[in-house]
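Asks: Shown below is the structure under consideration.
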Amino acid sequence: MKIKKLNSLKMKVRMILTVICVFCMIQSNAQLNLKAEVKKLQLEENGNFPNNPKLPVLVYKNVFGNHVPPELIEKTLFENNWRGSWRNGIYSFQHYHSTAHEALGVYSGWAEVQLGGPGSEIVRIEKGDLVVLPAGTAHKRINSGDGFAVVGAYPDGQNWDMNYGKSEEVQPARENISKVPLPENDPVFGKNGKMFEFWK
């Protein structure tokens, strides 16, 4: 009887130690890259896609590192008041949000995404990257692989809408975009984050 209890106790201790080791490995591999390069892309209005006349798209290269669990992205965004998070991909048709900025953190795979509407630049994003789209930015997935998936979120309780490049959407969208305030926080680095070097 004592031997059975001892063996049972050993198994429980092993399980606990295994969980602790896995957690430590995730934490050690999932550190924010404080020196991440931030690339900016200023877009102009493109036909029925208004984009954002003042704020550039920002791409934080490898800010989450190569071993990023989606939970780390969700936690980081949440702590910086980017909420309403979801996990999925990026639609394969042109669309934009006129009432909210959007952050997309890549936790798996890679994608080529067209930013700005038809004929615009195609940007490659991959695991560990974060893309911040100012309100009005058209985006469409062109190609992807290796199980591409992102966490998306929106700042300060902003509610997003969906627009598809229809002519009747343009004027209301322009008005909406002009009213969307700057976020309180950079989605990764907080109140004094790198975003505010480009968004003013």
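Asks: Pick out, from the range 36-130, the strands (runs of 3 or more DSSP E) lying fully within it that include 2 or more residues that are crowded, with 19+ Cβ neighbours inside 10 Å and among the β-branched types (Val, Ile, Thr). First the steps, then the outcome.
Replies: Values: elements: 38-41, 57-60, 82-88, 102-115, 122-126.
Of the strands (runs of 3 or more DSSP E) lying wholly inside the range 36-130, those with at least 2 residues that are crowded, with 19+ Cβ neighbours inside 10 Å and among the β-branched types (Val, Ile, Thr) span 57-60, 102-115, 122-126.
Asks: Limited to the range 131-142, what total is found for residues that are not charged (D, E, K, R) and not in a loop (DSSP other than H, G, I, E, B)? Working first, answer last.
Replies: Of all residues in the range 131-142, those not charged (D, E, K, R) come to 131-139, 142.
Restricting the remaining residues to those that are not in a loop (DSSP other than H, G, I, E, B) gives 131-133, 139, 142.
The number of residues fulfilling the criteria is 5.
Asks: Can I ask one more? For Ser120, indicate whether it is touching an Asp or Glu at 6+ places or on another chain (Cβ under 8 Å), of a type in the set (Ser, Thr, Tyr) and either at pLDDT 95 or above or assigned by TED's automatic domain parsing to the domain that holds Pro50 (or both). Lay out the reasoning, then the answer.
Replies: Values: touching an Asp or Glu at 6+ places or on another chain (Cβ under 8 Å): no; of a type in the set (Ser, Thr, Tyr): yes; either at pLDDT 95 or above or assigned by TED's automatic domain parsing to the domain that holds Pro50 (or both): yes.
So Ser120 does not fit the description; no.
Asks: Pick out the one residue from Leu77, Leu43 that is of a type in the set (A, V, I, L, M), within 22 Å of Pro181 (Cα to Cα) and within 11 Å of the chain's Cα centre (by Cα).
Replies: On the way: Leu43 fails: within 11 Å of the chain's Cα centre (by Cα).
On inspection, the qualifying residue turns out to be Leu77.
Asks: When the residues of the range 149-200 are narrowed to those that are within 16 Å of Arg83 (Cβ to Cβ) and β-branched (Val, Ile, Thr), which ends up surrounded by the fewest Cβ atoms within 10 Å (Cβ to Cβ)?
Replies: Ranking the candidates gives Val180 first.
Asks: Let me ask something else. Of all residues being in a loop (DSSP other than H, G, I, E, B) and basic (Lys, Arg) in the range 153-200, which is nearest to Glu71 (Cα to Cα)? Just the residue, please.
Replies: Filtering the range 153-200 for residues in a loop (DSSP other than H, G, I, E, B) gives 156-162, 164-166, 180-185, 187-189, 191-193, 198-200.
From what is left, the residues that are basic (Lys, Arg) are 166, 191, 200.
Numbers: Lys166: 36, Lys191: 21, Lys200: 30 Å.
Out of the qualifying residues, it is Lys191.
The values are calculated or read from the model by the stated rules, or taken from the named source; none is laboratory data. These numbers were taken from a predicted model, which means no experiment stands behind them. For neighbour counting, all protein chains shown are included, and Cβ atoms are generated from backbone atoms with ideal geometry for every residue, glycine included.
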